[in-house]
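Right, one structure below, let's go through it.
The values are calculated or read from the model by the stated rules, or taken from the named source; none is laboratory data. Note that the structure is predicted; figures quoted are calculated from it, not measured. Don't worry about glycine lacking a Cβ; one is built from the backbone with ideal geometry, like all the others, and counts go over all protein chains shown. When the accessible area is computed, the model is the full protein with side chains, heavy atoms only, and any ligands, DNA or RNA have been set aside. Shrake-Rupley method; radii C 1.70, N 1.55, O 1.52, S 1.80 Å.
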Amino acid sequence: MAALTTISLPSLQKIASGKVRDLFTLPDPNALLFVASDRLSAFDVVMANGIPNKGAILTLLSAHWFRVLSQRIPSLRTHFISLDIPAGLTAEETSAIKNRSMQVRKLEVLKVEAIVRGYITGSAWKEYQAKGTVHGLAMPQGMQLSQKFPKAIYTPSTKADAGAHDENIHPDDAWKEIGDKETAKKVEELALTIYNTAAAYAEERGIIIADTKFEFARDADGNIYLVDEVLTPDSSRFWPKDAYELGKEQDSFDKQFIRNWLIKEGLKAKEGVTIPDDICAATEEKYKEVFYLLTGTKFEDAAKN
């Protein structure tokens with residue numbers, strides 16, 4: 001199956017297009033249609049080609065997590081309404097967005113990337129090597145690559161507009177992006193609660209969630225909701241627990257595989273890069289494998305329902 005990188009739904013009005021997802025209006029003024037393409041973004045750049053089935057994998061896995069987290073954190077609010085395809089679409093439109101769309105609540109998205117880290121790797125490791133800190137937070141001396149933090153840490157970044165780059169910020173400064181300190185504190189506490197709950201669930205299934213990115217929104221009453229994708233291979237680092245080894249880079253079930261290829265080829269943050277077919281196929285298989293490990297269902301079977 002070819003990757004679907006352009007979403008066309010003439011029956012609905014498109015109101016936004018992100019690196020991976022497109023957003024459409026619905027007849028219900030309080031709801032939106034969230035559609036995940038197969039576009040691939042790395043280092044804040046969208047590749048020229050995509051990963052087959054990626055949008056469906058991300059959507060079905062996010063829906064799974066919304067259900068799991070709502071069961072395990074009863075007070076949690078999410079934007080997820082259903083995977084139902086809206087009425088009134090043509091047969092072609094319905095086929096195009098099957099398994100890759102979800103109806104969600106219309107909310108005010110908060111302008112911060114709520115990143116939680118359980119293990120030190122990536123940009124956190126680079127900062128630690130240089131300064132002994134992560135997002136400006138002092139860390140224990142003598143940590144090794146891929147080491148687990150004493151407890152998960154909240155390390156937010158800005159939520160940049162299209163074409164710009166997110167920037168790491170100190171947790172104490174996140175309120176400047178959100179608008180008030182009370183909401184910023186709620187987001188921090190909620191992000192840590194969700195991460196710790198998800199990490200325990202994943203570890204039972206042989207997966208370490210090294211770090212992940214959440215997004216939040218609020219309604220007119222100030223209630224905070226978990227939105228966007230959640231705990232997918234695009235937004236998280238997933239490591240196989242049985243292969244974990246302190247002090248080294250870990251195998252992963254996420255787009256770190258793509259990032260590593262881009263770095264190796266000298267293509268980091270370059271525009272217009274086409275990912276080779278074999279790298280695309282290997283990435284698709286990694287996404288499918290972690291989908292199975294986390295949900296207990298093969299992606300192909302989940303996509304039939």
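Values for this structure:
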{"quantity": "Matching option when the condition is closer than 14 Å to V116 by Cα, among the β-branched types (V, I, T) and part of a helix (DSSP H, G or I), among I209, I194", "calculated": "I194"}
{"quantity": "Residues satisfying the stated conditions in the stretch 81-90, i.e. assigned to a loop (DSSP other than H, G, I, E, B) and open to solvent by 40 Å² or more (accessible area, probe 1.4 Å)", "calculated": "L83, D84, I85, A87, G88, T90"}
{"quantity": "Filtered residues of the stretch 93-117 (kept if under 13 Å from L83 (Cβ atoms) and in a loop (DSSP other than H, G, I, E, B))", "calculated": "K98, N99, R100"}
{"quantity": "Every residue from the stretch 227-249 that is hydrophobic (A, V, I, L, M, F, W, C) and out of contact with any helix residue (DSSP H, G or I) (no Cβ under 6 Å at 6 or more places or on another chain)", "calculated": "V227, W239, A243, L246"}
{"quantity": "Inter-residue pairs, beta-carbon under 6 Å, first of a type in the set (G, A, S) and in the stretch 53-67, second open to solvent by 10 Å² or more (accessible area, probe 1.4 Å) and not in a helix (DSSP H, G or I), 6+ apart", "calculated": "G55/R100; A56/N99; A56/R100; S62/E229; A63/L83"}
{"quantity": "Some residue of the stretch 34-52 being at positive phi and in contact (Cβ under 8 Å) with a residue 24 or more places away in the chain", "calculated": "yes"}
{"quantity": "Residue under evaluation I169, criteria (1) over 30 Å from A3 (Cβ atoms); (2) of a type in the set (V, I, T); (3) modelled with pLDDT of 95 or more, criterion not met", "calculated": "(3)"}
{"quantity": "Test: residue in the stretch 196-207 that is crowded, with 21+ Cβ neighbours inside 10 Å, at pLDDT 95 or above, in contact with a strand residue (DSSP E or B) (Cβ under 9 Å, 6 or more places away or on another chain) and on the phi > 0 side of the Ramachandran plot", "calculated": "no"}
{"quantity": "Criterion (more than 18 Å from the chain's Cα centre (by Cα), more than 16 Å from S236 (Cα to Cα) and of a type in the set (S, T, N, Q)) met by exactly one of Q103, Q71", "calculated": "Q71"}
{"quantity": "Matching residues, the stretch 7-48, being charged (D, E, K, R) and out of contact with any His (no Cβ under 6 Å at 6 or more places or on another chain)", "calculated": "K14, K19, R21, D22, D28, D38, R39"}
{"quantity": "Residue within the stretch 172-185 that is free of Cβ contacts under 8 Å to residues at least 60 places away in the same chain, open to solvent by 70 Å² or more (accessible area, probe 1.4 Å) and closer than 28 Å to G247 by Cβ present", "calculated": "no"}
{"quantity": "M1 vs. criteria among the hydrophobic types (A, V, I, L, M, F, W, C) and closer than 21 Å to E300 by Cβ", "calculated": "yes"}
{"quantity": "Any hit, the stretch 91-102, residues being closer than 28 Å to L23 by Cβ, of a type in the set (V, I, T) and crowded, with 17+ Cβ neighbours inside 10 Å", "calculated": "yes"}
{"quantity": "Subset tally (residues that are out of contact with any Lys or Arg (no Cβ under 7 Å at 6 or more places or on another chain), of a type in the set (G, A, S), open to solvent by less than 20 Å² (accessible area, probe 1.4 Å) and part of a loop (DSSP other than H, G, I, E, B)) for the stretch 217-263", "calculated": "0"}
